[in-house]
1. Of all the residues that make up segment 15-32, how many are over 21 Å from the mean Cα position of the chain (by Cα) and either loosely packed, with under 10 Cβ neighbours inside 10 Å or at pLDDT 90 or above (or both)?
2. Taking the options PRO139, PRO105, name whichever one is in a loop (DSSP other than H, G, I, E, B) and over 12 Å from the mean Cα position of the chain (by Cα).
3. Taking LYS185, is it under 14 Å from the mean Cα position of the chain (by Cα), under 24 Å from LEU34 (Cα atoms) and surrounded by fewer than 21 Cβ atoms within 10 Å (Cβ to Cβ)?
4. In segment 33-56, what residues are closer than 26 Å to GLY91 by Cα and either acidic (Asp, Glu) or more than 19 Å from the chain's Cα centre (by Cα) (or both)?
5. Quick one: is SER100 in contact with a strand residue (DSSP E or B) (Cβ under 8 Å, 6 or more places away or on another chain), free of Cβ contacts under 8 Å to residues at least 40 places away in the same chain and in a strand (DSSP E or B)?
6. Being of a type in the set (Asp, Glu) and without any contact (Cβ under 8 Å) to a residue 12 or more places away in the chain is the filter here; which residues of segment 142-178 pass it?
7. Please work out which residue is surrounded by the fewest Cβ atoms within 10 Å (Cβ to Cβ), limiting yourself to segment 35-86 and to residues that are assigned to a loop (DSSP other than H, G, I, E, B) and of a type in the set (A, V, I, L, M).
8. Quick check on segment 129-155: of everything there that is closer than 27 Å to PRO47 by Cβ and in contact with a Lys or Arg (Cβ under 8 Å, 6 or more places away or on another chain), which residue is surrounded by the most Cβ atoms within 10 Å (Cβ to Cβ)?
Amino acid sequence: MKTILSGIKIILVLILSASAFGQCGVERTQTKDLKDDISAIHFTAKPMTVAALRKIPAPAKWGNSIPRLDSEKQVYEVDAQIIGYKYESTGDRDYHVVLSTVGKPSETMILEIPHPDCAPKAYKEIFANLRAFIDGLGPHPTPKFVTLKVPVHVKATGVAFFDKLHGQTGVAPSGIELHPALSLKKE
């Protein structure tokens with residue numbers, strides 16, 4: 001019995017270590033985490049709605065190695081509500097946050113907050129603070145999606161990014177996201 005318990009402890013340590021020291025993504029990681037050439041990004045936030053962002057068409061080509069698209073060279077600010085979130089324990093360790101139009105919980109899109117260890121030095125503290133903001137909304141993020149009992153009204157700012165559609169919770173029809181998030185403020 002003692003041997004079985006020791007074996008279980010070792011397996012748990014390995015699982016926790018793998019998630020604690022996981023990778024920084026597998027698809028377009030350089031673009032998602034601002035590790036590519038960001039000099040072409042317009043960092044002055046353009047006001048936009050969740051509904052309008054959802055209408056921006058998806059790129060014609062998808063692939064893990066495509067460079068930053070012209071449509072991904074803009075920072076947007078949306079007036080939205082956070083309806084839920086989760087921690088992506090496999091793959092990239094991002095906080096996956098679902099935004100919706102205020103009063104329209106079915107009109108959603110995703111906002112992602114990278115793990116600070118995956119960020120360039122200039123963004124580590126920003127991502128850590130944004131994750132702390134999400135931590136303060138309710139239960140600590142886990143791989144199971146948390147739906148907030150009362151959505152949180154925010155101004156959310158982030159860089160436009162197109163992700164492949166793969167059944168993500170809250171995904172916009174085109175796969176557009178704010179990835180990475182750059183600011184979250186309660187309204």
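1. Final tally of qualifying residues: 0.
2. Working: PRO105 fails: in a loop (DSSP other than H, G, I, E, B).
Within the list PRO139, PRO105, the selection yields PRO139.
3. Numbers: under 14 Å from the mean Cα position of the chain (by Cα): no; under 24 Å from LEU34 (Cα atoms): yes; surrounded by fewer than 21 Cβ atoms within 10 Å (Cβ to Cβ): yes.
When the stated conditions are applied, LYS185 does not pass them.
4. Listed by number, the residues that qualify are ASP33, ASP36, ASP37.
5. On the way: in contact with a strand residue (DSSP E or B) (Cβ under 8 Å, 6 or more places away or on another chain): yes; free of Cβ contacts under 8 Å to residues at least 40 places away in the same chain: no; in a strand (DSSP E or B): yes.
Criteria not met by SER100.
6. Step one: list which residues in segment 142-178 are of a type in the set (Asp, Glu), which gives 163, 177.
Passing the criteria: none in range.
7. Taking segment 35-86 as the starting set, the residues that turn out to be assigned to a loop (DSSP other than H, G, I, E, B) are 35-37, 41, 49, 55-69, 73.
Then keep just the ones that are of a type in the set (A, V, I, L, M); that gives 41, 56, 58, 60, 66, 69.
Details: ILE41: 16, ILE56: 18, ALA58: 16, ALA60: 6, ILE66: 14, LEU69: 15.
If we take residues in segment 35-86 being assigned to a loop (DSSP other than H, G, I, E, B) and of a type in the set (A, V, I, L, M), then ALA60 is surrounded by the fewest Cβ atoms within 10 Å (Cβ to Cβ).
8. Applying the filter and picking the extreme gives VAL154.
The values are calculated or read from the model by the stated rules, or taken from the named source; none is laboratory data. Here the structure is a predicted model, which means the values were calculated and not measured. Ideal geometry is used to build each Cβ from the backbone, glycine not excepted, and the neighbour counts take in all protein chains shown.
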